[in-house]
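The structure under discussion appears below in the form of structure tokens.
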Amino acid sequence: MTKILFMGRLRDAAGAEIEEIDLPTGIGTVGDLRAWLSARSPELGGALSSSSVRAAVDLEIVDDAHSVQEAREVAFLPPFSGG
Amino acid sequence: MIEVRITGAALDPTAELAALPRHPGVGAVASFVGYCRAEAGDEAVIALHLEEYPQFTAREINRIARAVSGKYALERLLVVHRAGVLAPGEPIVLVAAASAHRMQAFAAVEAMMDYLKTDAPFWKRERRASGSVWIEPSEEDRRRRAARSDT
């Protein structure tokens, strides 16, 4: 099982903060996962496709070519807003 | 020494500053407190929701704090940041820097705030009478961050 986290405004589009899934065959990278999630829900797809939404695999920021095969947790992160 | 804390409980800046240990070589402590606004434009703010990503958020702020502390030769850097639901008027963040002389302390606090605005993994949602709005860094915040190269 892989835990998918939708932070900030992505949660509104995803309808949930956390989703636990068995990665379907063929989902090898962060980019694949982004495309698969987007195809499932147009609303989430619109939010996820922004280049300002980064991904973290097991708490490390990675690019879309990074593997998710061994990932325990993949988080999608809209722009940060601290302070 | 660096201390970073993220807390769901109320932040008391006066108590935090009073408890700040002072190394004999410290001649200056500068601090900044950010507060939750009560108004957004002409609308009243009901509450501010600050979402963190447990572990990740604290680690990223620690990384920024180490870079700032190193650059400005601080004796101490304290960052206390709220998470959870805040009422208007409540403190959101306290940054305090202790150094031998005032210039490093002032500069370090300003730098730390510039980084926190765009690089601290929080997500802010303002609850207003007309509904909820996600708050992202302003153009000014992004411009100030882009002008820095400490990290």
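The numbers here are math on the coordinates, done by the rules we state, and not lab data. Just so it is clear, the structure is predicted and the values come from calculations on it, not from any experiment. Glycine gets a Cβ as well: all are built from the backbone with ideal geometry, and neighbour counts include every protein chain shown.
Tell me whether the range A:25-36 contains one or more residues that are within 14 Å of chain B (Cβ to nearest Cβ) and either in contact (Cβ under 8 Å) with a residue 24 or more places away in the chain or acidic (D, E) (or both). No: the range A:25-36 contains no residue that is within 14 Å of chain B (Cβ to nearest Cβ) and either in contact (Cβ under 8 Å) with a residue 24 or more places away in the chain or acidic (D, E) (or both).
If you check B:I92 against the conditions, is it at the interface with chain A (Cβ under 10 Å from one of its Cβ atoms) and either among the aliphatic types (A, V, I, L, M) or without any contact (Cβ under 8 Å) to a residue 24 or more places away in the chain (or both)? Judged against the criteria, B:I92 is a match.
Every condition in (1) of a type outside the set (K, R); (2) surrounded by fewer than 16 Cβ atoms within 10 Å (Cβ to Cβ); (3) touching a residue at least 60 places away in the same chain (Cβ under 8 Å) is met by A:A75 except one, and the failing one is (2). No other residue among B:A65, B:A15 is hydrophobic (A, V, I, L, M, F, W, C) and either within 14 Å of chain A (Cβ to nearest Cβ) or assigned to a strand (DSSP E or B) (or both) apart from B:A65. Does the range B:36-51 contain at least one residue that is touching a helix residue (DSSP H, G or I) at 6+ places or on another chain (Cβ under 8 Å) and not β-branched (V, I, T)? No, because not a single residue in the range B:36-51 is touching a helix residue (DSSP H, G or I) at 6+ places or on another chain (Cβ under 8 Å) and not β-branched (V, I, T). Give the range A:32-65 a look and list any residue that's closer than 22 Å to B:A58 by Cβ and among the hydrophobic types (A, V, I, L, M, F, W, C), or say none. Hits for the range A:32-65 are A:V53, A:A55, A:A56, A:V57, A:L59, A:I61, A:V62. Just one of the numbered conditions (1) farther than 25 Å from A:S52 by Cα; (2) in contact (Cβ under 8 Å) with a residue 40 or more places away in the chain is not true of B:D119; which one? Result: B:D119 passes all but (1).
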